[in-house]
Amino acid sequence: MSEPSDLDSLLNRMRSATAPIRSTLQAIYDQFLPLRSGTVANYIPELAAAEPDWFGIAVAGVDGQVVEVGDSQHLFSIQSVSKPFVYGLALENHGRDHLLSKVNVEPSGEAFNSIMLDEATNRPFNPLVNSGAIATTDLVPGSNYTERIKNLLAMFENYVGHPVFVDNATFISERTTGHRNRAIAHLMLNFGMIEDRVDETLELYFQQCSVLVNCRDLAVMAATLANGGVNPITGARAISTEHVKDLLSIMYSCGMYDFAGEWGYLVGLPAKSGVSGAILVVVPGKFGIAVFSPPLDERGNSVRGVAVCRELSHRFGLHAFEAHFSGGTLADEFRPIRS
Ligand code: GLN
């Protein structure tokens, strides 16, 4: 018999490291599949058609290992999970001071589509509610619409490590029904918070919400942030290290809409959710987690997604303020500290 090649031994090592993680994720999947509360978003037909039992979980380590269970390859529109990443793109191009002059970093305590702006400064509360996200999208670089959409998609591609596409049906539905977002954008134009190219910026915003991803992609995006901005699979830099903490801070305080405070208390990790039923979570320096399950609670967060993240945080002591220190590989992290 011939000696195993380097590739064989690498694959064997990966299999032995990921097997316990996979069985842990599978057990958590089995635990929460019967959780049948919540309602699928129904403001556009593309989201209303989602099956309530679609359910996937993926974890990607800063070492590039990915472990996934359930419907982790199912494609869906990224929706609001896009918002911190577009904020990152704007930060890279305009710097922190300019961003802060256009969008504040304060939790709003309001629903994601609130039309309220800060009374004193006319700034949106933060980049993760629609107003702040539209103001951020206004800052996507490029001298015309085509260049701006190319830059937007290239940014996502650096995070996921492969080409991404916009779901045309979702985009058209978002555009047809997006009157509230249009009203928010015009209000911000009235206050001089965005440039006078509202239609173009809204088109871009609707495109960014309609980018197709799966659970695995989101886990790799989260792992890229966990890894200081470098995609752990491709080695490509998606964002400079100095801006990663800006994104994570905002995700910690504002990423889960008006559930952000409770989320910080219960789960204790930077995260972002979206109406298609995804939650992306970052464990800095360690790994990224993504859960996809379309039924949403009354705050617009995936019911199973919140449950899975609570469980993972509790079982493995992942809360940012947990007085538990561990470092190492994905396999090391997935040693339960509680049953
Ligand atoms: N497309 C949605 C909107 O702008 C995104 C909202 C979300 O995921 N919360 O209303």
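The values are calculated or read from the model by the stated rules, or taken from the named source; none is laboratory data. Predicted, not measured: the structure shown is a model, and the values here were computed from it. Positions of Cβ are backbone-derived with ideal geometry, glycine not excepted, and every protein chain shown enters the neighbour counts. The protein model used for the area step is the full one, side chains on, heavy atoms only, and it has no ligands, DNA or RNA in it. Shrake-Rupley method; radii C 1.70, N 1.55, O 1.52, S 1.80 Å.
Which of the residues that make up region 128-150 are over 15 Å from Lys83 (Cα atoms), not small (Gly, Ala, Ser) and not in a helix (DSSP H, G or I)?
If the condition is that a residue be over 15 Å from Lys83 (Cα atoms), not small (Gly, Ala, Ser) and not in a helix (DSSP H, G or I), then Pro141, Asn144 are the ones that fit.
If you scan region 206-229, which residues turn out to be in contact with a Leu (Cβ under 6 Å, 6 or more places away or on another chain) and open to solvent by 10 Å² or more (accessible area, probe 1.4 Å)?
Within region 206-229, Leu212, Asn214 meet the criteria.
When you scan region 134-152, how many residues do you find that are surrounded by fewer than 17 Cβ atoms within 10 Å (Cβ to Cβ) and either closer than 19 Å to Met221 by Cα or among the β-branched types (Val, Ile, Thr) (or both)?
Of the residues in region 134-152, 3 are surrounded by fewer than 17 Cβ atoms within 10 Å (Cβ to Cβ) and either closer than 19 Å to Met221 by Cα or among the β-branched types (Val, Ile, Thr) (or both).
From the set of residues in region 174-222 that are within 14 Å of the ligand (Cβ to nearest atom) and small (Gly, Ala, Ser), which is farthest from His162 (Cα to Cα)?
Among those that are within 14 Å of the ligand (Cβ to nearest atom) and small (Gly, Ala, Ser), it is Ala183.
Can you name every one of the helices (runs of 4 or more DSSP H) wholly within region 151-250 that holds 1 or more residues which are hydroxyl-bearing (Ser, Thr, Tyr)?
Qualifying helices (runs of 4 or more DSSP H): 168-177, 198-209, 215-226.
Going by what's in this entry, would Asn122 be described as among the polar types (S, T, N, Q) and away from the ligand (no atom under 13 Å from the Cβ)?
Against the criterion (among the polar types (S, T, N, Q) and away from the ligand (no atom under 13 Å from the Cβ)), Asn122 qualifies.
Answer with yes or no whether Pro52 is more than 21 Å from Ile289 (Cα to Cα) and either in contact (Cβ under 8 Å) with a residue 60 or more places away in the chain or open to solvent by 20 Å² or more (accessible area, probe 1.4 Å) (or both).
It is false that Pro52 is more than 21 Å from Ile289 (Cα to Cα) and either in contact (Cβ under 8 Å) with a residue 60 or more places away in the chain or open to solvent by 20 Å² or more (accessible area, probe 1.4 Å) (or both).
If you scan region 304-324, which residues turn out to be more than 15 Å from the ligand (Cβ to nearest atom) and either in contact with a strand residue (DSSP E or B) (Cβ under 8 Å, 6 or more places away or on another chain) or among the basic types (Lys, Arg) (or both)?
Of everything in region 304-324, those that are more than 15 Å from the ligand (Cβ to nearest atom) and either in contact with a strand residue (DSSP E or B) (Cβ under 8 Å, 6 or more places away or on another chain) or among the basic types (Lys, Arg) (or both) turn out to be Arg304, Val308, Cys309, Arg310, Leu312, Arg315, Leu318.
Please go through region 186-205 and pick out each residue that is out of contact with any Phe, Trp or Tyr (no Cβ under 8 Å at 6 or more places or on another chain) and open to solvent by less than 70 Å² (accessible area, probe 1.4 Å).
Leu187, Met188, Leu189, Gly192, Met193, Ile194, Arg197, Val198, Thr201, Leu202, Tyr205
Taking only pairs six or more apart or across chains, which ones have beta-carbon atoms under 8 Å, a first residue in region 34-49 that is more than 16 Å from Leu75 (Cβ to Cβ) and away from the ligand (no atom under 16 Å from the Cβ), and a second residue that is open to solvent by 60 Å² or more (accessible area, probe 1.4 Å) and part of a loop (DSSP other than H, G, I, E, B)?
Arg36/Pro52
Given the options Ser82, Ser108, name the one that is within 19 Å of the chain's Cα centre (by Cα), open to solvent by less than 10 Å² (accessible area, probe 1.4 Å) and among the polar types (S, T, N, Q).
Within the list Ser82, Ser108, the selection yields Ser82.
Looking at region 150-159, is at least one residue without any contact (Cβ under 8 Å) to a residue 12 or more places away in the chain and of a type in the set (D, E, K, R)?
The answer is yes; a qualifying residue exists.
Kindly indicate which of Leu296, Leu312, Leu248, Leu266 is within 14 Å of the chain's Cα centre (by Cα) and in contact (Cβ under 8 Å) with a residue 24 or more places away in the chain.
Answer to the check: Leu248.
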